[in-house]
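The values are calculated or read from the model by the stated rules, or taken from the named source; none is laboratory data. All values derive from a computational prediction rather than experimental measurement. With ideal geometry, Cβ positions are generated from the backbone for all residues, glycine too; neighbour counts draw on all protein chains shown. Quick note on the areas: whole protein, heavy atoms, side chains included, nothing else; ligands and nucleic acids left out. Shrake-Rupley method; radii C 1.70, N 1.55, O 1.52, S 1.80 Å.
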Amino acid sequence: MLAALVSVSGLSLTEWEKRWLEKYNPAGVSLFARNIADAAQLRRLTDEIRNAVGRNDILIAVDQEGGRVRRLSGADFHSVASQYVLGRLDEEMAAVHAGIISSDLQRGGINFNFAPVLDMAYPSTHPVLKSRCFGDNEQKTALLGRALIDTYLSHGICPCIKHMPGHGRAETDPHLGLPVLSHSLRELSKDFYPFIENNSCPAGMTAHIVVSEVDDRLPVTLSKKAVDYLIRGIIGFDGLLISDAIEMKALSGSIGEKAQKALEAGCDLVCYCGAGAAELEMLAQYCPSMNDRSVERLHQVTELFNRKSATAANTADMDRYYRAVGLVEEYNENYDATEVLNRMKS
């Protein structure tokens, strides 16, 4: 099994993509707005992906945080608030939020959500991230994060905490450049806290940031020292570790080189969000099969998919949720990470 989450180009698989998926058997596929038109089409696509690889337990993932970071949008899917808005509410409303999202993901055949974001929001936090954070209180961030995680798990959806070890102090957009944090580990303990409190989450994502006190040369995603000391060590995370998108400009080198370095650093899977044939072939050549420990972590994730114990959010809960988020002033966001990434790739 290829140690990668890859992407596809459109609303259905091309014949080339079907052959590639069958040949290389990646751990998962990430979907984006370009892959989603409505619920029926999305279900056809996710069924196609499963048929192509011959596995029902392949990870099929999206970023469905809320606010502008929603891959499932339009009349067939529920609108949900950003995490910034959710941060003004309580754990009960956070659970309803995740329940609403889970129902849309399940209908579409999606089993993995790149959420919640557990980064802290600071006055200097870059706009690409700020509205995706719960706020500046680490205890509340941890509690709301736990409510989302538990609710996703109860619906058989695997959550993925991001971006470890904490991206909130970064003033550079990693889509376009490499953020460097020169803060002491003592200062960064506030940023680590929500991740430490939720380190039992089955999956997590790395941050493309340099933490100078640990490794002043390499970003965490590519640094074995940082992965071992910060993520596996201080945070105590032992779940499935996935790189943030390796095509971001925070990382240097070819797609294949960056994938290889991320896996050598200790990521279990690399995430490639483009769909270029040449890049996918390169990824396949540079990515080895998953090692035994990574396979164990992946198996712990796939075991969750059949452990559904929750029902869909009821009408009364949804009504209370929409009244609550409507009463909270929305964060005025005019910067969308997905749009930046798409422009970067064009």
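Relative contact order of the chain, taken over Cα pairs closer than 8 Å and 6 or more residues apart, is 19 percent. Solvent-accessible surface of region 78-171, taken per residue with a 1.4 Å probe and all protein chains present: 25 Å². Projecting the Cα atoms of 25, 327, 135 onto the dipole axis of the chain, where Lys and Arg carry +1 and Asp and Glu carry -1 at the beta carbon, places 25 farthest toward the positive end.
In the chain, a dipole from Cβ-located charges (positive for Lys and Arg, negative for Asp and Glu) runs towards its positive end, and of 311, 234, 184 it is 311 whose Cα lies farthest in that direction. Spread over its residues, the convex hull of the C-alpha atoms of the chain is 116 Å³ per residue. Our helix-only sum for the chain, with -39,500 (n - 2.57) per DSSP H run of n ≥ 4 divided by its residues, gives a mean residue ellipticity at 222 nm of -12000 deg cm²/dmol.
Each part gets one Cα centre, and for region 198-271 versus region 15-61 those centres are 25 Å apart.
Surface calculation, 1.4 Å probe, protein heavy atoms: residue 36 sits at approximately 20 Å² accessible. Distant-in-sequence amide contacts of residue 60, defined by a placed amide H-H separation under 5 Å and a gap of 5 or more residues or a different chain, comprise 29, 111, 112. Measuring against 28 Å, Cα to Cα, the residue pairs 162/261; 130/308; 224/249; 258/308 contain 130/308; 258/308 as the ones spanning a longer distance.
Length available on full extension from residue 124 to residue 200: 0.36 nm per residue minus the Cα-Cα distance, which gives 24.4 nm. Taken about its Cα centre, region 1-83 carries a charge dipole of roughly 80 debye when the Cβ of each Lys and Arg holds +1 and the Cβ of each Asp and Glu holds -1. The residues of region 239-308 have, on average, 41 Å² of accessible surface per residue, using a 1.4 Å probe with all protein chains present.
Can you give the longest run of the chain that contains no GluC sites (Glu not before Pro) sitting in a DSSP loop with at most 13 other Cβ atoms inside 10 Å? Result, exposed sites excluded: 1-170. Between residue 315 and residue 292, the modelled label-to-label distance comes to 5.5 nm, taking each label 7 Å out from Cα in the direction of the beta carbon. Please compute the Cα-Cα pair-distance distribution of region 1-72 with 10 Å bins starting at 0, giving whole percents from short to long. Going out from 0 Å in 10 Å bins, region 1-72 shows 21, 55, 22, 2 percent. Here the chain has 48 percent of its accessible surface on carbon and sulfur atoms, given a 1.4 Å probe and all protein chains in place.
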